[in-house]
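Encoded as C-alpha cells, the structure appears first; notes follow it.
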Amino acid sequence: MVSELIANNGALPESRADVLRGLGRHLTSRIRGQAHALDRVASVLTRGEMGFAHPRRPRGSFLFVGPTGVGKTETTNVFTGYLFADASPIRFDMSEYQLQKSVDKLIGETANDRGLLGRALHGVRCGTVLFDEIEKAHTLVLDLFLQILEDGRITLATGETLDFTGFYVVFTSNIGSAEVMRMVSAPFATVERTVLMRVCQLLRPELVGRITEKIVFARLDYATQREICEQLIGAERVRLGALGHEIEVAPDAVEFLVREGFHRSLGARPMRGAVERYLQDAIARSVLDGGPNGGRIVVAMGQDRLALDVSVTRQPLFEQHLDLDLERLCKRR
Ligand SMILES: Nc1ncnc2c1ncn2[C@@H]1O[C@H](COP(=O)(O)OP(=O)(O)O)[C@@H](O)[C@H]1O
Ligand SMILES: [Mg+2]
C-alpha cells in the first residue's frame, strides 16, 4: 500500500481512497456500542494507510482495554478483514508467554529456529499482529514489544530481521475491568480515566507512551447486547440460508434469545453461542422430524413459553429473489 503511494507520487489510488472512505461506516455497521473507539481506530488506520506513520515504525498501534466480550478482538478482526482482503489478525495469547524463556518461544532459541512470531510473519508483508492479554506477558516479552514499536523490527535467533513497518500492532488487556464493572453509574470519561491510570501503573510507561492509541472499551448495556443479538441472528440466517434453510425468527423468539444470551460481566460473548445453539437446534429438530423440503421455517416461542418452537410454512418461495438477496447479504458480511 505504502509502496503504491510512493509509485503514485504520494497520491492515493482512487479505489483505495474509496476503501478508506468506507472504513468508518464499515466499522460502525459491525461493532455496536463503541462509537467513541471506532472514530479513533478509523483515524489511526486512515493515517497508516496514507503512509503518514514514521517510516521505521509499525503503521499504527493500539491498546484496546476493557472488560471481556465487548468487541476488542472483534474490532481488530473487522478492520483487518476490511483492509487486508479478508485476512485475519496473526494472534498471540500472552497468557502463554509468562516466563522468561517465552521470548525464545517467540523469536527462536537456536540459529535455525525462527520462533513462533518469526514463523507466523515469515513471507507476510502486511496485516495485523494481535497480542492478547498483554498484562500477562513476561517483562522480557514486553521489552520485545517496546523494540517493535520503537524500531519497527526485531532480530530473530536466526539472525534474520523481522520487519513490522507494514503491520498494525494491537495489544488487548482486561486491566481495570473490575473497576469498570463497579462504576455502574459513573460517566464514561471517569471510567476511562480510571482504567488508563491502572494501565499506567501496571505496564511500563515507555511502552504505553509508544502506543499510537489507547482506547477504553465500554461495557455493553442491555440495549446494545440486544442489537448485537439481532445482528447475530441476521448472520445466522444468512449462514443457514446458504445451507438451504430459509428461516424467520419471530419477535418473541428474538426476546427469548436476547434474554438467554445477555450477560452483564461476560459482555456479548455468550450471545453468539446462544443464537447459534438455539437456532441450529430448532432447525435440526424440524428437519429430523420430517420437516421441510423447501419451505420457510418459522422459529417462535412454544406454547409453554419455555422453549423455542418451530413451524414450517409451506408457501412456495420466490427463490430467485431470495437467492439474490442472500448473495447480497453474504457479500456485505
Ligand atoms: N461491540 C460489539 N459489537 C458487535 N459484536 C460484539 C461486540 N462485542 C462483542 N461482540 C460479539 O461477541 C464476541 C466476543 O467479543 P470479542 O471482541 O472477542 O471480545 P473481547 O472484548 O473480549 O475481545 C464477538 O465475536 C462478537 O460476536
Ligand atoms: Mg479478545
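Looking across 237, 259, 269, 264, one residue alone is modelled with pLDDT under 90, charged (D, E, K, R) and under 25 Å from the mean Cα position of the chain (by Cα). It is 264. Of all residues in the stretch 71-88, those satisfying the criterion of being in contact with a strand residue (DSSP E or B) (Cβ under 8 Å, 6 or more places away or on another chain) and of a type outside the set (A, V, I, L, M, F, W, C) are 72, 73, 75, 76, 80. Looking only at residues of the stretch 33-62 that are assigned to a loop (DSSP other than H, G, I, E, B), surrounded by fewer than 21 Cβ atoms within 10 Å (Cβ to Cβ) and not small (Gly, Ala, Ser), we find that the one that is nearest to ligand 2 (Cβ to nearest atom) is 57. Among the residues of this structure, residue 242 does not count as one that is surrounded by fewer than 18 Cβ atoms within 10 Å (Cβ to Cβ) and within 11 Å of ligand 1 (Cβ to nearest atom).
Can you say whether residue 71 is within 16 Å of ligand 2 (Cβ to nearest atom) and among the small types (Gly, Ala, Ser), as far as the supplied structure shows? Yes: the conditions hold for residue 71.
Okay, residues lined up against (1) of a type outside the set (A, V, I, L, M); (2) touching a residue at least 24 places away in the same chain (Cβ under 8 Å):
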residue: 18; (1), (2): yes, no
residue: 25; (1), (2): yes, no
residue: 31; (1), (2): no, yes
residue: 76; (1), (2): yes, yes
residue: 106; (1), (2): no, yes
residue: 116; (1), (2): no, yes
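Among the residues of the stretch 64-100, which ones are part of a loop (DSSP other than H, G, I, E, B) and within 15 Å of ligand 1 (Cβ to nearest atom)? Hits for the stretch 64-100 are 66, 67, 68, 69, 70, 71, 88, 89.
Go through the stretch 208-232 and give me each residue that's more than 30 Å from residue 144 (Cα to Cα) and crowded, with 20+ Cβ neighbours inside 10 Å.
Across the stretch 208-232, the qualifying residues are 219, 220, 225, 226, 228, 229, 232.
Out of curiosity, is residue 143 of a type in the set (D, E, K, R) and closer than 20 Å to residue 76 by Cα? Spelling it out, it is not the case that residue 143 is of a type in the set (D, E, K, R) and closer than 20 Å to residue 76 by Cα.
Could you figure out which of (1) among the hydrophobic types (A, V, I, L, M, F, W, C); (2) within 14 Å of ligand 1 (Cβ to nearest atom); (3) out of contact with any Pro (no Cβ under 6 Å at 6 or more places or on another chain); (4) within 28 Å of residue 129 (Cα to Cα) isn't true of residue 180? Residue 180 satisfies all of (1) among the hydrophobic types (A, V, I, L, M, F, W, C); (2) within 14 Å of ligand 1 (Cβ to nearest atom); (3) out of contact with any Pro (no Cβ under 6 Å at 6 or more places or on another chain); (4) within 28 Å of residue 129 (Cα to Cα) except (3). Count of the stretch 38-63 residues, restricted to those that are over 15 Å from residue 80 (Cα atoms), touching a residue at least 24 places away in the same chain (Cβ under 8 Å) and either touching an Asp or Glu at 6+ places or on another chain (Cβ under 8 Å) or within 16 Å of ligand 1 (Cβ to nearest atom) (or both), is 4. Since residue 65 meets every condition but one in (1) within 16 Å of ligand 2 (Cβ to nearest atom); (2) over 14 Å from the mean Cα position of the chain (by Cα), which condition does it not meet? Only one criterion is unmet by residue 65, namely (2).
The values are calculated or read from the model by the stated rules, or taken from the named source; none is laboratory data. Not measured: the values here are computed from a predicted model. Because the Cβ atoms are built from the backbone with ideal geometry, glycine has one as well, and the counts that use them run over all protein chains shown.
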